[in-house]
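Take a look at the structure set out below.
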Amino acid sequence: MPGVGPIEASLVDIGNAHVFIRARDIGLTGTETAADIDRNADLLARLERIRGCAAHRMAMVSSPENARAESPATPILGIISPPADYTAALSQREVTAGEVDLVSRLLFMQQAHKTYAGTSTVCTGIAARLDGTIVHEAVGHAGRNAPEVRIGHPAGVIETQVSVDATGPHPVVRRATLGRTARRIMEGYTFVPDDVTPTG
């Protein structure tokens with residue numbers, strides 16, 4: 001790749017098109033925060049060149065150089081590394097290697113994602129079950145046959161239940177789930193007089 005050199009990547013299109021690369025191949029540990037990535041302009045430029053080449057290889061853009069103008073959002077770029085301890089930036093919670101099957105950081109719209117996108121969760125989970133992908137490589141042997149894939153991201157851990165049938169000539173996705181969380185954002189009271197008279 002011009003300006004980058006040779007780099008191994010996995011191109012997977014489940015939910016949204018993604019390009020997955022190893023963190024170590026671009027000089028990262030994989031546990032960097034979104035802010036760490038965003039403040040490194042040279043790194044962001046290199047990641048966008050990688051994403052542009054992947055977009056062109058996936059026939060999504062007319063040339064790698066036009067990727068930002070023609071398809072700025074996809075493919076999403078995933079930076080993959082094996083399980084590791086790190087601090088979740090938003091909560092300052094310590095995530096341990098034993099809680100995750102892999103660690104990932106996303107580049108979306110030329111910025112590091114502060115959490116993990118829903119379609120990326122599904123795509124990463126399926127890629128973890130596809131032999132030969134960089135995501136599959138990062139998952140330890142014990143996690144390759146588990147019903148769920150636990151992804152360590154900048155804000156914590158997200159799980160997806162996935163099932164891939166690889167017995168035929170082409171893998172077939174049988175299951176790909178996404179969990180959502182909810183939290184109370186407001187609580188209040190309204191005081192209404194006892195002698196309200198309807199009008200109109």
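Provide the per-residue ³J(HN,Hα) series for segment 157-163, in order, calculated from phi with Karplus coefficients 6.51, -1.76, 1.60 and θ = phi - 60°, each as a whole number of Hz, with x at glycine and proline positions.
Each residue's phi maps through the Karplus curve to give 10, 10, 10, 9, 8, 9, 8 Hz.
Of THR167, THR133, THR121, how do they rank once you tally other Cβ atoms within 10 Å and put the fewest first?
Starting with the residue having the fewest Cβ neighbours, the order is THR167, THR133, THR121.
By counting other Cβ atoms within 10 Å of each Cβ, how are LEU28, LEU44, LEU77 ranked from fewest to most?
If I rank by nearby Cβ atoms, fewest first, I get LEU44, LEU28, LEU77.
Given a 10 angstrom Cα cut-off, can you work out which residue in ALA54, ALA117, ALA69 is the most mobile in a GNM of the chain?
Ranking ALA54, ALA117, ALA69 by mean-square fluctuation puts ALA69 first.
Mind checking the dipole of the chain: about its Cα centre, +1 per Lys or Arg Cβ, -1 per Asp or Glu Cβ, Debye to the nearest 20?
Dipole magnitude for the chain comes out near 340 debye.
For Cα pairs less than 8 Å apart in space and 6+ apart in sequence, what is the mean separation divided by the residue count of the chain, i.e. the relative contact order in percent?
Relative contact order, the chain: 19 percent.
Provide the per-residue ³J(HN,Hα) series for segment 130-138, in order, calculated from phi with Karplus coefficients 6.51, -1.76, 1.60 and θ = phi - 60°, each as a whole number of Hz, with x at glycine and proline positions.
Coupling constants for segment 130-138: 9, 4, x, 7, 5, 5, 4, 4, 6 Hz.
Counting other beta carbons within 10 Å of each Cβ, put ASP194, ASP38, ASP101, ASP165 in order, fewest first.
Least crowded to most crowded, the residues run ASP194, ASP165, ASP38, ASP101.
With volume of the Cα convex hull per residue in Å³ in mind, check (1) 213; (2) 134; (3) 160 and report the label derived from this structure.
It is the one labelled (1).
Compute the distance from the alpha-carbon center of segment 106-163 to that of segment 37-79, in whole Å.
Taking the Cα centre of segment 37-79 as reference, the centre of segment 106-163 is 20 Å away.
Could you give the longest part of the chain that holds none of the chymotrypsin sites (Phe, Trp or Tyr not before Pro) found in DSSP loops with at most 13 neighbouring Cβ atoms within 10 Å?
It works out to 1-188.
Search the structure for amide H atoms under 5 Å from the amide H of ALA112, placed 1.01 Å from N in the peptide plane, and list their residues when 5 or more places away or on another chain.
For ALA112, whose amide H was placed from the backbone, the distant partners under 5 Å are ASP38.
For segment 16-23, what does the Karplus curve 6.51 cos²θ - 1.76 cosθ + 1.60, with θ = phi - 60°, yield as ³J(HN,Hα) per residue in whole Hz, taken in order and with x for Gly and Pro?
Rounded to whole hertz, the list is 8, 5, 9, 10, 10, 10, 7, 4.
To the nearest 10 degrees, how steeply does helix 41-57 sit against the main Cα axis of the chain, on a 0 to 90 scale?
70 degrees
If you build a Gaussian network model of the chain, linking Cα atoms that sit under 10 Å apart, which residue out of PRO72, PRO64, PRO147 swings the most?
PRO147
Any read-out appearing in this document is the output of simple, stated calculations on the displayed coordinates, not a laboratory observation. All values reported here derive from a predicted model rather than from experimental measurement. With ideal geometry, Cβ positions are generated from the backbone for all residues, glycine too; neighbour counts draw on all protein chains shown.
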